[in-house]
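A.B. asks: Encoded as structure tokens, here's the structure I'll be asking about.
The values are calculated or read from the model by the stated rules, or taken from the named source; none is laboratory data. What you see is a predicted model, and the numbers here were worked out from it, not measured in a lab. With ligands, DNA and RNA removed, areas are computed over all heavy atoms of the protein, side chains included. Shrake-Rupley method; radii C 1.70, N 1.55, O 1.52, S 1.80 Å.
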Amino acid sequence: QLQPVESGGGLVQPGGSLRLSCAASGAGFSIRAMGWYRQAPGKQRELVAAISSGGTTNYKDSVKGRFTISRDNAKNTVYLQMNSLKPEDTAVYFCNTGTWRVVITGAQDYWGQGTQVTVSS
């Protein structure tokens, strides 16, 4: 089973950029879909972006054109490049893995600690 570990969060001003990384130890990374999720205080966790094993991507409408998900199978790592950040992007960001259906629905049982992203002036 893959164990994802997120990194790269921090405090950034509105309009700024961050790149999140998720290193997944374990076998089978290249054949799994990967997803980035976020959870803001008082809100449910939501899917932000997903990428299939073949590179197909899916984005939440509010981040289209600003966020880019990518993967490096040689490094067992998935990235989330976030540009033009807004205060409403503030949340704890998680990554996770599974089949495409599981990633899209966020039905995984195991979740890591995530990485905090705060967008504020």
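A.B. asks: Kindly provide the set of residues from segment 35-70 that are closer than 15 Å to Gly114 by Cα and modelled with pLDDT under 95, ordered by number.
C.D. replies: Listed by number, the list holds a single entry, Pro41.
A.B. asks: Still on this structure: Just to verify a result, which residue in segment 10-19, among those that are open to solvent by 60 Å² or more (accessible area, probe 1.4 Å) and not in a loop (DSSP other than H, G, I, E, B), is farthest from Gln108 (Cα to Cα)?
C.D. replies: Per the stated criteria, the residue is Leu11.
A.B. asks: Here's a follow-up. Would you mention how many residues in segment 108-119 are open to solvent by 60 Å² or more (accessible area, probe 1.4 Å) and assigned to a loop (DSSP other than H, G, I, E, B)? Let's see the steps before the verdict.
C.D. replies: Looking only at segment 108-119, we keep the residues that are open to solvent by 60 Å² or more (accessible area, probe 1.4 Å), and these are 109-110, 113, 116.
Filter once more, so that each one left must be assigned to a loop (DSSP other than H, G, I, E, B): 109-110, 113.
Total meeting the criteria: 3.
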